[in-house]
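Have a look at the structure below, then the notes.
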Amino acid sequence: VRGVFCGWNPAPGPLLPAPPAYVPAEDINHSDCWLHVRLYYCDVLVKELTTRTAEGCRIASRAVPADSARLYGPACMEQIQFPAPRALGGGGRLAGMADVLERLLPHLERGVLLWVAPEGVFMKRQCQGRVYWNGPLAPHRAWPNKLEREKTYKLLDTQQFLQQLRGYLSHGQPAPQYQINLCFGEEYPTSAGHHFQKLIMAHVEPVFARELFHHAQRLGPQLLREASQPCAPGTSNHIVQVLKQLCQP
């Protein structure tokens with residue numbers, strides 16, 4: 001598949017790019033760079049937002065100094081802070097685990113960096129606390145995938161996602177995977193078919209992949225092949241053009 005998602009132009013570059021330190025102002029709000037992030041304590045959703053900076057985001061227990069880019073990454077990275085467990089109030093599972101959560105959060109002070117590049121989605125762990133993950137490029141499905149500290153990882157490959165989306169549209173193959181799950185302080189994933197409640201989780205979706213997949217589901221290959229058909233409401237012309245390109249024989 002030539003071309004990449006929603007406005008990115010393919011160009012050769014390093015295998016594991018660093019977080020972008022500067023992006024032209026007109027690209028800052030481009031949804032290709034956005035990430036949808038949900039934070040969970042004990043399987044309870046405690047924060048949900050979509051990042052809108054081209055530099056990516058940091059998920060951490062507290063904000064880091066803005067003048068220490070060499071240590072912490074670009075100052076313009078969006079800061080996503082884990083909420084204080086006791087400030088959430090209420091009862092149930094969170095109330096009973098507040099002490100445990102508050103002991104774990106200080107180990108996540110420097111957090112993890114996440115960003116989108118033309119090649120895919122990348123991450124670097126900076127916190128001292130252990131972080132495990134699962135996602136499209138995870139080496140194990142039923143065994144813990146540990147993220148080593150200060151090492152850059154590729155969590156999703158753009159071209160692989162587009163190829164899988166093409167197979168889904170044209171040949172009825174399984175839906176492409178684009179969800180990324182991060183687990184803080186506990187091994188993850190565990191045995192296949194067994195779900196164990198985790199203390200702190202982050203669910204991350206690159207917006208470009210989610211939008212392409214959802215519109216592919218809604219439009220279907222037949223409509224996409226009919227060039228004379230107008231776009232469905234809420235569908236950008238560019239998304240339709242990318243999907244039509246994927247449907248070409």
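The values are calculated or read from the model by the stated rules, or taken from the named source; none is laboratory data. This one's a predicted model, so the numbers in the text were calculated from it and none came from an experiment. Glycine also receives a Cβ, built like all others from the backbone with ideal geometry; neighbour counts cover every protein chain displayed.
Yes or no, residue by residue, for (1) touching a strand residue (DSSP E or B) at 6+ places or on another chain (Cβ under 7 Å); (2) at pLDDT below 95:
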residue: MET77; (1), (2): yes, yes
residue: PHE82; (1), (2): yes, no
residue: PRO85; (1), (2): yes, yes
residue: GLY91; (1), (2): no, yes
residue: GLU109; (1), (2): yes, yes
residue: MET123; (1), (2): yes, no
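For the stretch 188-213, name all the residues that are in contact with a strand residue (DSSP E or B) (Cβ under 6 Å, 6 or more places away or on another chain) and part of a loop (DSSP other than H, G, I, E, B).
TYR188, PRO189, LYS198, listed by residue number.
Residues in the stretch 165-185: is at least one in contact with a strand residue (DSSP E or B) (Cβ under 7 Å, 6 or more places away or on another chain), assigned to a loop (DSSP other than H, G, I, E, B) and over 30 Å from GLN248 (Cβ atoms)?
Pass one, the stretch 165-185, residues in contact with a strand residue (DSSP E or B) (Cβ under 7 Å, 6 or more places away or on another chain): 178-185.
Adding the requirement that they be assigned to a loop (DSSP other than H, G, I, E, B) leaves 178-179, 185.
Next cut, over 30 Å from GLN248 (Cβ atoms) only: 185.
Yes, the stretch 165-185 contains a residue that is in contact with a strand residue (DSSP E or B) (Cβ under 7 Å, 6 or more places away or on another chain), assigned to a loop (DSSP other than H, G, I, E, B) and over 30 Å from GLN248 (Cβ atoms).
Can you tell me which residue is surrounded by the most Cβ atoms within 10 Å (Cβ to Cβ) among those in the stretch 107-159 that are charged (D, E, K, R) and within 14 Å of ILE59 (Cβ to Cβ)? Lay out the reasoning, then the answer.
Looking only at the stretch 107-159, we keep the residues that are charged (D, E, K, R), and these are 109-110, 119, 124-125, 130, 141, 146, 148-151, 154, 157.
Now restrict to residues that are within 14 Å of ILE59 (Cβ to Cβ): 109-110, 124-125.
On the way: GLU109: 15, ARG110: 21, LYS124: 22, ARG125: 24.
Looking at residues that are charged (D, E, K, R) and within 14 Å of ILE59 (Cβ to Cβ), I get ARG125.
Considering LEU155, LEU162, LEU147, which residue is within 18 Å of the chain's Cα centre (by Cα), aliphatic (A, V, I, L, M) and farther than 25 Å from PRO189 by Cα? Talk me through it step by step, then tell me what you get.
Values: LEU155 fails: farther than 25 Å from PRO189 by Cα; LEU147 fails: farther than 25 Å from PRO189 by Cα.
Residue meeting the stated conditions: LEU162.
Give the residues of the stretch 44-85 that are in a loop (DSSP other than H, G, I, E, B), closer than 16 Å to LEU104 by Cα and either acidic (Asp, Glu) or under 19 Å from the mean Cα position of the chain (by Cα) (or both), sorted by residue number.
Applying the first criterion (in a loop (DSSP other than H, G, I, E, B)) to the stretch 44-85 yields 52-56, 61-68, 73-77, 82-84.
From what is left, the residues that are closer than 16 Å to LEU104 by Cα are 61-62, 82-84.
SER61, PHE82, listed by residue number.
Mind counting the residues in the stretch 116-126 that are hydrophobic (A, V, I, L, M, F, W, C) and either within 18 Å of PHE82 (Cα to Cα) or more than 10 Å from the chain's Cα centre (by Cα) (or both)? Break it down into steps so the answer makes sense when it comes.
First, pick out the residues of the stretch 116-126 that are hydrophobic (A, V, I, L, M, F, W, C): 116-117, 121-123.
If we keep only those that are either within 18 Å of PHE82 (Cα to Cα) or more than 10 Å from the chain's Cα centre (by Cα) (or both) as well, we get 117, 123.
Of the residues in that region, 2 qualify.
Among the residues of the stretch 107-139, count how many are in contact with a Leu (Cβ under 9 Å, 6 or more places away or on another chain) and part of a loop (DSSP other than H, G, I, E, B).
The number of residues fulfilling the criteria is 11.
Quick check: is even one residue across the stretch 177-197 of a type outside the set (Ser, Thr, Tyr), farther than 28 Å from ARG93 by Cβ and touching a helix residue (DSSP H, G or I) at 6+ places or on another chain (Cβ under 7 Å)?
No, because not a single residue in the stretch 177-197 is of a type outside the set (Ser, Thr, Tyr), farther than 28 Å from ARG93 by Cβ and touching a helix residue (DSSP H, G or I) at 6+ places or on another chain (Cβ under 7 Å).
Would you mind telling me which numbered condition in (1) assigned to a loop (DSSP other than H, G, I, E, B); (2) out of contact with any Ser or Thr (no Cβ under 8 Å at 6 or more places or on another chain); (3) at pLDDT below 95; (4) not aromatic (Phe, Trp, Tyr) ALA98 fails?
(1)
Keeping to the stretch 31-43, report how many residues are in a loop (DSSP other than H, G, I, E, B), closer than 24 Å to GLN197 by Cα and among the hydrophobic types (A, V, I, L, M, F, W, C). Spell out how you get there, then give the answer.
Of all residues in the stretch 31-43, those in a loop (DSSP other than H, G, I, E, B) come to 34, 42-43.
Going one step further and asking which of them are closer than 24 Å to GLN197 by Cα, we end up with 42-43.
Then keep just the ones that are among the hydrophobic types (A, V, I, L, M, F, W, C); that gives 42.
The qualifying residues number 1.
Condition check ((1) in contact with a Pro (Cβ under 8 Å, 6 or more places away or on another chain); (2) modelled with pLDDT of 85 or more; (3) not hydroxyl-bearing (Ser, Thr, Tyr)) across all residues:
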residue	(1), (2), (3)
TYR168	yes, yes, no
GLU186	no, yes, yes
SER191	no, no, no
ILE200	no, yes, yes
PHE208	no, yes, yes
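Test of understanding: among PHE196, PHE208, which residue is in contact with an Asp or Glu (Cβ under 9 Å, 6 or more places away or on another chain), surrounded by fewer than 19 Cβ atoms within 10 Å (Cβ to Cβ) and either closer than 22 Å to CYS57 by Cα or among the aromatic types (Phe, Trp, Tyr) (or both)? Quick ask: steps written out before the conclusion?
Values: PHE208 fails: surrounded by fewer than 19 Cβ atoms within 10 Å (Cβ to Cβ).
The conditions single out PHE196.
Return the total of residues in the stretch 51-77 being among the charged types (D, E, K, R), in contact (Cβ under 8 Å) with a residue 24 or more places away in the chain and over 14 Å from MET123 (Cα atoms).
First pass over the stretch 51-77, keeping only residues among the charged types (D, E, K, R): 52, 55, 58, 62, 67, 70.
Subsequent filtering for residues that are in contact (Cβ under 8 Å) with a residue 24 or more places away in the chain retains 52, 55, 58, 62.
Now narrow it down to the ones that are over 14 Å from MET123 (Cα atoms): 52, 62.
Result for the stretch 51-77: 2.
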